[in-house]
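Everything below concerns the one structure shown next.
The values are calculated or read from the model by the stated rules, or taken from the named source; none is laboratory data. Bear in mind that the values here come from a model prediction, so they are computed numbers and not experimental data. Cβ: placed from backbone, ideal geometry, glycine included. Neighbour counts: every protein chain shown.
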Amino acid sequence: MSDIEIRQMPAFKKVYKKLPASHKSIVNEAVRDIVINLEIGQEKKGDLLGVYVYKFKISHQQFFLAYEWDPALRILLALGVHGALGGTRTPDTLVRSPVV
């Protein structure tokens, strides 16, 4: 993964730290995928322009990884179950946080 920096935003960290180790390894592989393959995620439109979403499966359940892409940086914004109800943010309701 050459010289690409990876930053985790609080919304991503909160979900990631609660995952079992077996799920974390799959998420880590998804992060490697977005670093290596520039075209793997789908760019959102409108207010979320510049946010990409990569969908992948963990135990037959679809998850999403929302991130911002820059040639030297990937900012991991959110992680969650795609289309879940009850407070889990989906890519369409993601609130962008400024990166310092």
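Worth a mention:
- Selection from the range 30-62 of residues that are of a type in the set (Val, Ile, Thr) and touching a His at 6+ places or on another chain (Cβ under 8 Å): ILE58
- Whichever residue in the range 43-70 is over 11 Å from the mean Cα position of the chain (by Cα) and closer than 19 Å to MET9 by Cβ and, among such residues, is surrounded by the most Cβ atoms within 10 Å (Cβ to Cβ): LEU48
- Test: residue in the range 77-88 that is β-branched (Val, Ile, Thr) and modelled with pLDDT of 90 or more: no
- Criterion applied to LYS18, LYS14 was being part of a loop (DSSP other than H, G, I, E, B) and either without any contact (Cβ under 8 Å) to a residue 24 or more places away in the chain or surrounded by 11 or more Cβ atoms within 10 Å (Cβ to Cβ) (or both), and the one residue passing it is LYS18.
- The set of residues in the range 21-42 that are at pLDDT 95 or above, surrounded by fewer than 14 Cβ atoms within 10 Å (Cβ to Cβ) and β-branched (Val, Ile, Thr) is empty.
- Of the criteria (1) over 12 Å from ARG74 (Cα atoms); (2) modelled with pLDDT of 95 or more; (3) among the aliphatic types (A, V, I, L, M), which one MET9 fails: (1)
- Looking only at the range 30-47, and only at residues there that are among the acidic types (Asp, Glu) and in contact with a strand residue (DSSP E or B) (Cβ under 8 Å, 6 or more places away or on another chain), the one that is nearest to ARG74 (Cα to Cα): ASP33
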